[in-house]
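Step one of this worksheet: look at the structure below.
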Amino acid sequence: MEILDILIIGGGPIGLNCALEAQKNNLTHLIIEKGTIVNSLYNYPLYMRFFSTAEKLEIDGIPFISTAPKPGRQEALEYYQGIARQREVNINLYEKVLKVSKNGDIFDIETSKAAYKAKNVVISTGFYDIPNLMNIPGEDLPKVKHYYTEPYPYAKQKVVVVGSSNSAVDAALETYRKGADVTMIIRHSEISQSVKYWVKPDIENRIAEGSIKAHFNSEIAEITENTVIFKDENGKTNEIDNDFVLALTGYLPDFDFLKNSGIELQGDCLNPLYHTETMETNVPNLYLAGVVCGGKDTHLWFIENSRIHAEMIVRNVVKKEPRA
């Protein structure tokens, strides 16, 4: 069996960037991706626009041309998938990594389809796979959605949106404009300060005029087939009619996978242990790249500030084992 120089888990923008950096340094490499290329972006809402401008989303110096000040999901898919095609990135799709273990100096990687060996492994799996559950009765009902794609299914429906981050605000505004009766249930006292600056006034104005109802300092206690039960800021229990719940309460990295790979997790945020100059974890030659580095703080790392991880990792790999 061939022993790869680097095996990269996750084919998102940062995983692709790691592969491009490996190519430039003549390192044998392979990306294993459980879905399609940049799978998380593919699963974003159809009309989502990035907070970042196009040049901040570029990888490997390849220009990202956008006709809009803020590129959208489709432009990003065209850009990143186009790079994978044009640069002939070595990537296996729809293959899930099940286990990473180390045998001496070599990693054994078990997937849903095959087994691999590598000298170095990069985990660049993002955080979009595991919803941050509310853990309340009724959360498993079919009407509860932890992912939002587009507003059309919710026309003329009574929709509860849980949360106040970008995804929740976008869903509330879009479904309202397609005819939904929208109620937001928000644990905090205001709309999140991280909401895109051109969207925040819109949602605040819709709430102020009563077009979108919002209950701040409130939490859902139970979801039934036809209602939502929540406690408001005064501790009073309320029950409202409901057809759909969009529980957009955020997402988490696969902490079990990280722990099972031998990576130490620290503190309440379960921050993975890694060297900030090399991205190497406490397991020698096992690296982290991208959003997964932030533990539960999934707002710490973005494409624009974690693009550098690829160069840091490959530089350290080459330094340990110089190539002719």
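The values are calculated or read from the model by the stated rules, or taken from the named source; none is laboratory data. Worth saying up front: this structure is predicted, and the values here are computed from it rather than measured. Cβ coordinates were reconstructed from backbone atoms using ideal geometry, including for glycine residues, and neighbour counts include every protein chain displayed. What goes into the accessible areas is simple: the full protein's heavy atoms, side chains included, and nothing from ligands, DNA or RNA. Shrake-Rupley method; radii C 1.70, N 1.55, O 1.52, S 1.80 Å.
Structure above, values below:
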item	result
Normalised alpha carbon radius of gyration of the stretch 170-323 [divisor 2.2 N^0.38 Å]	1.43
Identified option (computed semi-axes √(5λ) of the Cα gyration tensor in Å; candidates (1) 64, 21, 17; (2) 34, 21, 18; (3) 39, 22, 17)	(3)
Solvent-accessible area per residue for the stretch 4-144 (1.4 angstrom probe, square angstrom)	45 Å²
Amide H contacts under 5 Å for residue 161, placed H, 5+ residues apart	183, 184, 185, 246
Under Karplus coefficients 6.51, -1.76 and 1.60, residue-wise ³J(HN,Hα) of the stretch 230-244 in Hz, glycine/proline x	9, 9, 8, 5, 9, x, 7, 8, 10, 10, 10, 5, 7, 10, 9
For the stretch 189-320, size of Cβ-based charge dipole, Lys and Arg +1, Asp and Glu -1, in debye	740 debye
Stretchable slack from residue 282 to residue 205, in nm (0.36 nm times residue separation minus alpha-carbon distance)	22.9 nm
Residue pairs, from the table 145/213; 145/296; 34/200; 34/99, whose Cα atoms sit over 24 Å apart	34/200
Dipole axis of the stretch 99-198 (+1 Lys, Arg; -1 Asp, Glu on Cβ), positive-most option in 162, 148, 135	148
Approximate spin-label separation residue 189-residue 93, in nm, with each point projected 7 Å along Cα-to-Cβ	4.8 nm
Size of charge dipole - the chain - debye, nearest 20, with Cβ of Lys, Arg +1 and Asp, Glu -1, no other charges	540 debye
FRET efficiency, 1/(1 + (r/R0)^6) with R0 25 Å, evaluated for residue 156 and residue 222 via beta carbons	0.55
Those lysines that a straight Cα-Cα span of less than 20 Å connects to residue 320, excepting residues fewer than 8 apart in one chain	24, 102, 117, 119
FRET efficiency estimate (nearest 0.05) - Cβ-Cβ, residue 255 to residue 113, R0 35 angstrom	0.90
Nearest-0.05 FRET efficiency for residue 231 and residue 297, computed from C-beta distance (R0 30 Å)	0.65
Zone of residue 103's modelled label, taken as backbone nitrogen in the stretch 1-37 under 14 Å from a point 7 Å along Cα→Cβ	1-4
Mean Kyte hydropathy of -1.0 or more with a Cα span along the axis of at least 15 Å, helices from DSSP in the chain	13-24, 166-177, 308-320
Extreme residue, positive dipole direction of the stretch 215-304, given options 271, 283, 234 (C-beta unit charges)	283
Taking the C-alpha atoms of the stretch 133-247, convex hull volume expressed per residue in Å³	97 Å³
DSSP-loop GluC sites (Glu not before Pro) across the stretch 236-324, with at most 15 other Cβ within 10 angstrom	264, 277
Among 47, 17, 198 - extreme Cα towards positive end, dipole of the chain, charges at beta-carbon	17
